[in-house]
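What follows is a short report on a single structure.
The values are calculated or read from the model by the stated rules, or taken from the named source; none is laboratory data. The structure presented is a predicted model; accordingly, all values stated were derived computationally and were not measured. All Cβ positions, glycine included, derive from the backbone under ideal geometry; neighbour counts span all protein chains shown. The protein model used for the area step is the full one, side chains on, heavy atoms only, and it has no ligands, DNA or RNA in it. Shrake-Rupley method; radii C 1.70, N 1.55, O 1.52, S 1.80 Å.
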Amino acid sequence: MIINKRKISESEKPYIIAELSANHGGSIVRAKNSILKASQCGVDAIKIQTYTPDTMTIKCDKDDFKIKEGLWAGSELYDLYKSAYTPFEWHKELF
């Protein structure tokens, strides 16, 4: 298989894909810096995880839609996705 002019096989070095998601903290500047730093570290590609809260869940305060543990415990899924998504409008500039 060939990706970006690189042969992908068991005999080749790994093709490394980094993910850009909520780690940008809502800042396109931070998103661009993350991509640059990943490139400087030798990453071959970036996966931009893009969605909107409405494509992931519904706004609902029922127990099934609340996070039970961890950093977001007690929060609704919708609110988590709203704070973490990468806007579609950023794509052109990020590419």
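Ligands, DNA and RNA left out, the accessible area of the chain computed with a 1.4 Å probe is 54% carbon and sulfur.
Rounded to the nearest whole Å², what accessible area per residue is found for the stretch 51-95 with the 1.4 Å probe?
Numbers: 3390 Å² over 45 residues.
Heavy-atom accessible area per residue stands at 75 Å².
Please report the relative contact order for the chain, taking Cα pairs under 8 Å with a sequence separation of at least 6, and give it as a percent rounded to a whole number.
Numbers: 108 pairs, mean separation 27.8, N = 95.
Rounded, it is 29 percent for the chain.
Rounded if a/c is under 1.5, else prolate if a/b beats b/c, else oblate: with a ≥ b ≥ c from the C-alpha gyration tensor eigenvalues square-rooted, which is the stretch 47-92? Please report the intermediate quantities before stating the final value.
Details: a/c = 3.34, a/b = 1.99, b/c = 1.68.
Cα axes put the stretch 47-92 in the prolate bin.
Could you give the length gained by full extension between S11 and M56, i.e. 0.36 nm per residue of separation minus their alpha carbon distance, to one decimal place?
Numbers: separation 45, 0.36 × 45 = 16.20 nm, distance 3.81 nm.
That pair, S11 and M56, stretches by 12.4 nm at full extension.
Look at the dipole of the chain built from charges on Cβ: of F65, S21, I46, the Cα furthest out on the positive end belongs to I46. Between the helical axis of 28-40 and the longest alpha-carbon principal axis of the chain there is an angle of about 30 degrees. For the chain, report the % of Cα-Cα distances exceeding 24 Å. Here the tail beyond 24 Å accounts for 39 percent of pairs.
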